[in-house]
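See below for the structure under consideration.
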Amino acid sequence: MVLTRSPVVTEALRAAVRAPSPHNSQPWIFELGPDTVDVVLDESRILDACDPDAREARLACGAALLNLRLAIAAAGRVSEVELAPERARPSLLARVTLGPRHRPTAAERRLAAAIPRRYSNRHPFTDEPVPLRLRTAVREAAREEGARLVLVDEAGLLEATAGLIRRADHVQGLDTAFQRELRAWTRQTAEDDGVPTYAGGPRSAGGLLAGRYVNEGGAPRVFEQDPLVAVLTTPNDAPISQVRAGCAMQRVLLTATDAGLSASFYSQPVEITAIRAELRDLLGGTVHPQTVFRLGYGYPGVKTPRRPIEEVARDRDTGERP
Ligand SMILES: Cc1cc2nc3c(=O)[nH]c(=O)nc-3n(C[C@H](O)[C@H](O)[C@H](O)COP(=O)(O)O)c2cc1C
């Protein structure tokens, strides 16, 4: 059977593109073979100002890869993943090969069902604390993909981490190239990439954290008093580790979504090399911070658009779109 006509692959691609990405840049291409889906980094969509090393682009592709795996599993097929399958082609991040039939586990079904429900929620969360059992579940989700999720739940560490977020946000506020790029990816009208203004959050009234995509027009709002900030880390920092980190990030976010939690990112301190080094030191100096987000109980928010799968998928041999 030609895969491009397989409903399993079509649905898996629809799931893949729901992954989060910096500025909703969607830096992925899916090349379809007879029984494979290759996840390729779209180098034309790397963000020069905030992500010159393509770390966040690889995280986004890793998240898309996890969505692919889960959707294939939930559709009742085995998949095997090879990371960086061709040394000579570093933009080819992963090859997913479809295998025989498979009985999906309850966890695969639940996480796959969470894919279309996940979105970034930049609004204040309630002050209800995230229970211990869910803190354990999100940590375990990261561990399953070879990463470590540090929950910043000690007051001194939270204050220091929040300080790095605010300082990095300030530095980016003064960086004209960063600001130009941010504006270029902020959308006033409906488009299928970039961050629509309606997905922005309110200004924070004297809050601990500094958000991005703030709707300056509205009244400031009080955010949760004791936010649960999480730093996703990996034991090393090679490009392949960044793809793994993306799988871990997405497994954490889907586990959180399934449990009724919301999340929003604060990647400013990871985007500035010197501040990222400070964050690494703050966490003990042995792990590599990959991304930062907060978790909590939010109110329903809004989803952002994606490019159609016809635009991001192509035949591996002919380059033709499906
Ligand atoms: C690696 C990475 C870094 C991100 N950094 C930020 C950030 O600093 N601030 C923010 O508000 N959103 C951030 N985002 C969220 C994206 O803007 C969001 O995923 C994208 O706009 C798509 O929207 P969705 O998550 O609601 O599907 C980040 C996403 C990824 C994957």
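If the requirement is being in a loop (DSSP other than H, G, I, E, B) and surrounded by 13 or more Cβ atoms within 10 Å (Cβ to Cβ), which of these qualifies: G301, G285?
Result of the check over G301, G285: G301.
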Response to the item:
Flagged in segment 258-270 as part of a helix (DSSP H, G or I) and buried (at least 24 other Cβ atoms within 10 Å of the Cβ), in numbering order, are Q268, P269, V270
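The rows are residues; the columns are (1) in contact with a Leu (Cβ under 6 Å, 6 or more places away or on another chain); (2) within 16 Å of the ligand (Cβ to nearest atom); (3) farther than 23 Å from E310 by Cβ.
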site	(1), (2), (3)
V8	no, no, no
D53	no, yes, yes
C61	yes, yes, no
A73	no, no, yes
L92	no, no, no
R95	no, no, no
Worksheet, complete the sentence: So the strands (runs of 3 or more DSSP E) completely within segment 60-164 holding 1 or more residues that are in the same structural domain as L279 (by TED's automatic domain parsing), of a type outside the set (D, E) and under 19 Å from the mean Cα position of the chain (by Cα) are 148-152
Practice prompt. Name the residue, out of T197, T176, T234, that is hydroxyl-bearing (S, T, Y) and surrounded by 18 or more Cβ atoms within 10 Å (Cβ to Cβ).
Written response: T234
Worksheet entry | In segment 13-51, the residues that are more than 11 Å from the ligand (Cβ to nearest atom) and under 17 Å from the mean Cα position of the chain (by Cα) | L13, R14, A15, A16, W28, I29, V39, V40, L41, D42, R45, I46
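Condition first: open to solvent by 10 Å² or more (accessible area, probe 1.4 Å) and in contact (Cβ under 8 Å) with a residue 12 or more places away in the chain. Can you find one or more residues in segment 60-67 that meet it?
No - not one qualifying residue is present in segment 60-67.
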Practice prompt. Considering only residues that are away from the ligand (no atom under 16 Å from the Cβ) and of a type in the set (D, E), look in segment 106-165 and name the one that is least open to solvent (accessible area, probe 1.4 Å).
Written response: E108
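Tell me, please, whether a residue that is within 12 Å of the ligand (Cβ to nearest atom), acidic (D, E) and at negative phi can be found in segment 261-273. If you could, list the steps in order and put the result at the bottom.
Step one: list which residues in segment 261-273 are within 12 Å of the ligand (Cβ to nearest atom), which gives 262-272.
Still in the running and acidic (D, E): 271.
Keeping just the survivors that are at negative phi gives 271.
Yes, there is a match, as at least one residue in segment 261-273 is within 12 Å of the ligand (Cβ to nearest atom), acidic (D, E) and at negative phi.
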Worksheet item: What about V78, is it more than 16 Å from the ligand (Cβ to nearest atom), open to solvent by 20 Å² or more (accessible area, probe 1.4 Å) and touching a residue at least 12 places away in the same chain (Cβ under 8 Å)?
Response: yes
Worksheet entry | Flag for T304 being hydroxyl-bearing (S, T, Y) and within 14 Å of the chain's Cα centre (by Cα) | yes
Item to complete: Kindly indicate the residue of segment 213-257 that is small (G, A, S) and either assigned to a loop (DSSP other than H, G, I, E, B) or within 23 Å of P90 (Cβ to Cβ) (or both) and also farthest from the ligand (Cβ to nearest atom) among those meeting that condition.
Response: A219
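The values are calculated or read from the model by the stated rules, or taken from the named source; none is laboratory data. Since we're looking at a predicted model, the values are computed, not measured. Positions of Cβ are backbone-derived with ideal geometry, glycine not excepted, and every protein chain shown enters the neighbour counts. Only protein heavy atoms, including side chains, enter the accessible area calculation; ligands, DNA and RNA are left aside. Shrake-Rupley method; radii C 1.70, N 1.55, O 1.52, S 1.80 Å.
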